1. Suppose we look only past 18 Å in the calculated P(r) of the stretch B:217-305. What percent of the Cα-Cα pairs does that tail hold?
2. Mind computing the radius of gyration and Dmax over the alpha-carbon atoms of the stretch A:61-212? Å is fine for both.
3. Report, to the nearest 10°, how far helix A:155-165 tilts away from the longest principal axis of the Cα atoms in chain A, using its own Cα long axis and a range of 0 to 90°.
4. Work out Dmax and Rg for the protein assembly as shown from the C-alpha atoms and quote the Rg first, both in angstrom.
5. In whole Å, what are the Cα extents of the stretch B:360-422 along the three principal axes, biggest one first?
6. So, how do all the Cα-to-Cα distances of chain B break down into 20 Å bins, in percent, from 0 on up?
7. Quick one: check the C-alpha center-to-center distance for the stretch B:1-59 versus the stretch A:145-212, whole angstrom.
8. Using only Cα atoms, find the angle between the long axis of helix B:388-397 and the longest principal axis of chain B, and express it within 0 to 90 degrees, rounded to the nearest 10.
Amino acid sequence: MEIFNQIAESLQKGDHEKVAILTRKALDDKIAVQQILDDGLIAGMNVVGEDFKHHRIFLPSVLLAARAMYAGMDLLKPLMIKEDVRTIGKVVIGTIKGDLHDIGKNLVGIMLKGAGFEVIDLGNDVPPEKFVQTAKDDNADAIGLSALLTTTMTGMKDVIDLMKSEDIYGKVKVIIGGAPVSREFAEQIGADFYAFDGMNAVETLKAYVKDR
Amino acid sequence: MRPTIEFLDERTLERILSEAIDILCKIGVEIHNKPVLEMLADHGADIRLDNYRATFTEDIINKALTLAPSSFKLYDSLGNEAVDLSEENVNFTPGSAAINVLDYESDKIRKPTTADYIRYAKLMTRLDHIASQSTAFIPADVEAKISDSYRLFLSLLYCRKPVVTGAFTIEAFEIMKNLQLAVRGSEKELKAKPLTIFSCCPTSPVKWSDVTSQNVVDCARYGIPVEYIAMPLAGFMSPVTLIGTLVQHTAETLSGLAISQLTNPGTSVLYGGSPAIFDVRYETTPMGAIETQMLDCAYNEIGKYLDLPTQAYIGLSDAKLLDAQAGLETGIGATLAALSGINNISGPGMLDFESCISLEKLVLDNQICGMTKRLIKGMEPKEDFPMIERMEELLHEQHLLISDHTMKYLNEEHFMPSQTIDRANRARYEEEGGLTLKQRAHKEAEEYLAEYEKPGLSEDVVKELIRLMEEEAKKYGMDKLPDREE
Ligand code: B12
């Protein structure tokens with residue numbers, strides 16, 4: 001439908017005002033919320049993601065598009081609860097206890113949000129209990145753990161151990177990232193996924209929720 | 001004449017400073033450390049404990065600037081003067097706290113071991129153009145909680161050079177100080193002859209965490225020199241413009257200076273940093289980017305203008321291997337840094353966004369450091385005028401190879417690189433095995449390691465260092481430290 005293309009295109013241009021206007025129009029035209037979300041906003045962000053990956057656009061353009069996406073989302077949100085429309089997934093993220101690095105984690109959060117995920121950011125220096133409790137309370141699909149220090153990366157395992165004893169391990173997936181960690185380390189501690197940057201985190205979690 | 005380079009004219013520099021002071025006095029600094037906030041309040045800062053904010057006064061900044069010494073020296077573990085951080089003196093130190101080492105055989109990264117660290121520290125004893133060692137990477141074969149102090153322990157055990165280091169937690173400071181006291185014998189000796197510099201990082205924008213601000217305070221108390229490592233990322237955590245990022249870096253660094261000087265007036269500090277641009281294609285913080293290097297040189301000018309000794313993370317590369325990119329980024333950085341007169345240049349050996357050390361790169365970079373130090377000696381006439389007599393000598397003898405003038409000045413005029421730098425003609429190069437750069441650097445390293453000599457610490461000091469470290473390890477559930485080869 002034409003309106004979806006228009007939403008997607010405005011979103012790619014980072015025109016948040018136009019995205020809001022078009023989203024409102026689509027709602028007025030009684031198009032289903034799920035469809036506006038999937039075929040308009042998320043479809044547009046998918047193109048943005050591909051363009052970024054191939055260096056056709058740079059990070060600021062991605063974030064402008066993400067902002068435009070939120071402009072549309074803000075209008076959809078109240079209706080989503082009513083119509084029981086789900087976002088593509090809910091992720092709790094934070095930096096491990098003892099570690100103050102949060103730039104990478106913040107970027108991952110912004111990009112996940114931009115891709116349509118609901119993100120609960122717990123900040124930095126986060127104890128294991130807080131990750132697990134929030135994931136339980138908010139019914140999250142995944143926990144995203146960040147560590148930039150060799151001294152704190154081991155704290156990721158503490159979160160996983162606690163998830164096991166609280167019986168949410170396996171149900172809630174774990175994705176990890178940060179300079180000292182790797183795919184092998186993820187396997188070693190029993191994390192489900194590893195991602196090396198924000199875009200990769202988006203791709204990885206999108207692939208997971210799609211297969212689910 | 002010594003060649004120099006400048007990026008800021010005086011008007012711009014003064015404006016950057018006044019803008020930075022404006023930020024400190026109008027917006028203030030977020031400091032997650034109550035005692036530090038209260039101390040600042042005692043000196044007239046307006047503080048708010050609910051959001052951890054301290055708004056400075058110009059008086060605080062001026063006081064800090066007046067109190068901070070304009071130079072200091074580092075002494076090796078035997079107490080000999082080793083690094084002179086004054087005026088435009090240029091010294092190099094390896095990049096520090098890497099997460100990985102680059103394996104020589106496989107060209108792959110791996111987590112470092114105690115054996116790697118010992119090799120590194122032994123190698124450092126012989127890299128003459130790198131004045132101090134750093135705790136260059138984090139051995140992964142000990143409990144993570146002691147890995148920051150353990151590397152200092154190994155450094156002190158195997159190499160005499162002073163150490164650029166840092167703690168990862170508030171708790172680790174204690175053991176890292178005690179190791180130094182074991183070497184020096186008393187607090188008074190340690191104050192008189194600093195052995196280490198601690199890196200302490202503010203968080204951009206204009207914020208101090210409890211850990212890093214406490215490290216600043218603890219260092220000041222014991223007279224352990226600190227380098228402030230503010231890391232504004234241009235275009236992300238600071239303005240995209242280099243000048244805007246410099247303003248922010250200045251504010252962040254001056255806030256650290258105030259914490260040090262108000263804690264212990266006159267304590268030694270380096271006006272340092274590690275600002276970088278943010279690469280909006282790859283989501284990375286390129287240390288080898290030319291703009292990053294320009295930022296380093298420019299804030300050095302600000303530090304010098306404030307009459308403070310300086311430090312920077314420059315002369316390192318983001319390459320993954322010891323390749324041409326590694327050489328060019330390191331070479332350009334080290335050259336600019338030396339021309340700028342940065343007092344302590346942290347970089348040699350480092351790859352991959354400060355995350356990977358290569359011992360072969362360290363050997364190569366030692367040569368780069370040697371070359372840049374030659375560069376800034378510049379040129380000046382040495383019995384060159386009048387030239388007539390020497391010309392006549394040349395015409396008469398047909399060469400000047402054994403001329404008195406040559407014998408007298410050869411070594412100071414020409415820097416003699418090691419065999420890692422290839423200057424053989426092709427046939428000789430092939431006869432000598434046609435080795436690659438990496439192979440030559442490795443060979444040089446192996447030669448040094450074979451000739452290694454211990455630093456000469458007394459038996460008692462060695463025993464005490466081991467006792468302290470073993471006790472610390474036990475605290476964190478490690479009954480035994482990894483074996484150390486002799
Ligand atoms: C910027 C920086 C800082 C800033 C942090 C500011 C902030 N708000 O975060 C400051 C200056 C404050 C800082 C402080 C310190 N730092 Co620091 N820091 C860095 C640096 C240079 C870059 C990190 C960064 O932000 N990169 C840019 C972002 C975008 O990339 P990123 O973090 O890697 O994140 C990406 C991916 O990793 C991934 N990712 C990250 N998290 C997650 C999470 C999930 C769920 C997923 C899916 C993906 C993912 O996606 C991100 C986006 O692309 C690194 C070097 C490095 N190579 O990482 C050192 C580094 C990590 N720091 C280091 C050190 C030592 C420290 C200090 C201890 C120094 C000191 N003594 O004060 C303190 C930390 C104190 C503490 N207890 O935490 C060392 C670590 C050494 C080690 N072996 O552990 C490093 C490697 C540098 C070095 N060699 O010294 N640091």
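1. Value for the stretch B:217-305: 44 percent of Cα pairs lie more than 18 Å apart.
2. Using the Cα atoms of the stretch A:61-212, the pair Rg, Dmax is 14.9, 46 Å.
3. 90
4. Final numbers for Rg and Dmax: 27.8, 102 Å.
5. Here the Cα extents, ordered largest to smallest, are 46, 22, 14 Å.
6. 23, 54, 20, 2, 0
7. 39
8. Rounded to the nearest ten degrees, it is 50.
The values are calculated or read from the model by the stated rules, or taken from the named source; none is laboratory data. Quick caveat, the model's predicted, so the values are computed rather than measured. Note that we place each Cβ from the backbone using ideal geometry, even for glycine, and neighbour counts take in every protein chain shown. The accessibility values were calculated without ligands, DNA or RNA, using every heavy atom of the protein model including side chains. Shrake-Rupley method; radii C 1.70, N 1.55, O 1.52, S 1.80 Å.
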